[in-house]
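The values are calculated or read from the model by the stated rules, or taken from the named source; none is laboratory data. What you are looking at is a predicted structure, and each value in this text was computed from that prediction instead of being measured. Cβ placement follows ideal geometry from the backbone for every residue including glycine, while neighbour counts extend to all protein chains displayed. With ligands, DNA and RNA removed, areas are computed over all heavy atoms of the protein, side chains included. Shrake-Rupley method; radii C 1.70, N 1.55, O 1.52, S 1.80 Å.
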Amino acid sequence: MTKVVHEFTTEIPIWKPYVTPLDLADASQEQLDALKVTPSNTKVSEYVLVLAHDAETLKHRSPLFNGVMYNRGGLSRAEREIGAIGASIVNRCIYCAAVHASRYSHLTKQPEVIEAIFIAGADAKIEPRLKAILRFAINLSKCPSETDAVDMAALVEAGLNKEEILDLILSTSLFSWANRLMHTLGEPIEA
C-alpha cells in the first residue's frame, strides 16, 4: 500500500498520476513534437506524460513555463522558486513545494531558508527581501483580487524593481495554476 505524503518536505516524493501517462512508444508525432523528445532526451516526467494526452495544450504550456521560470533578467531564479513555494504552500501541493524547495536549496546552498518557511510560512524569520517575496506569493495565491498597493509597496521597499515584481507575479500565478492541475491529475506518495 502506498502512503500519500501530507507534510511539506524537502524530500521530493513520487508523483503518482490518476491518469495513465502517455507511453512514448505509442506517441503520435504531434505528441512527440509537443514533448520535444529527441533520441538524446527521452526522460520526461510522469506529469508531462499525462499532459501529453492533450498535445496542443502541452505545445503551449512548456514554452510558457520555461519563459516564466528560466528567462534571463528580472527576478533571480532562486527568488522565482520562492514564488513557486509560496503558491504551493497555499495550495497544499506537497510535490511542487518539495521540488522547488530542493531547487532553491541547490541554487543558494541555504536549506535553512526553506526549513524556516516550512515551519512558519509567511512568518518565517528570513531576510527581508525573501520575506516580502514569500508574503506576496502567499497573498496572491490566496486571493488575487485582495493583493493590493500595500503588498506592492512592501516589494518595492524590499528592493524589487518593476521587472522583478512582474516575474514574481508570473511565477506565483503559474504555480497557483499548476498546483491545482497536479492535484486533479495525481498525488504525492512516499518514495
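Remark: E146 matches the filter, which requires a residue to be of a type outside the set (G, A, S), modelled with pLDDT under 95 and loosely packed, with under 13 Cβ neighbours inside 10 Å. Look at segment 88-104 and say how many of its residues are of a type in the set (A, V, I, L, M, F, W, C), surrounded by fewer than 24 Cβ atoms within 10 Å (Cβ to Cβ) and in a loop (DSSP other than H, G, I, E, B). Summing the residues that are of a type in the set (A, V, I, L, M, F, W, C), surrounded by fewer than 24 Cβ atoms within 10 Å (Cβ to Cβ) and in a loop (DSSP other than H, G, I, E, B) in segment 88-104 gives 0. Please work out if L58 is touching a Leu at 6+ places or on another chain (Cβ under 6 Å), farther than 30 Å from R129 by Cβ and in a helix (DSSP H, G or I). Yes: the conditions hold for L58.
Only residues that are assigned to a helix (DSSP H, G or I) and surrounded by fewer than 15 Cβ atoms within 10 Å (Cβ to Cβ) were counted across segment 116-141, and they come to 4. Applying the set (1) crowded, with 16+ Cβ neighbours inside 10 Å; (2) in contact with a strand residue (DSSP E or B) (Cβ under 8 Å, 6 or more places away or on another chain) to S45 leaves exactly one unmet item: (1). Annotation note: Cβ proximity below 7 Å between a residue of segment 168-191 that is closer than 18 Å to T57 by Cα and a residue that is open to solvent by less than 50 Å² (accessible area, probe 1.4 Å) and hydroxyl-bearing (S, T, Y) (sequence gap 6+ or interchain) occurs for F175/S88; S176/S141; N179/S88; M182/Y47.
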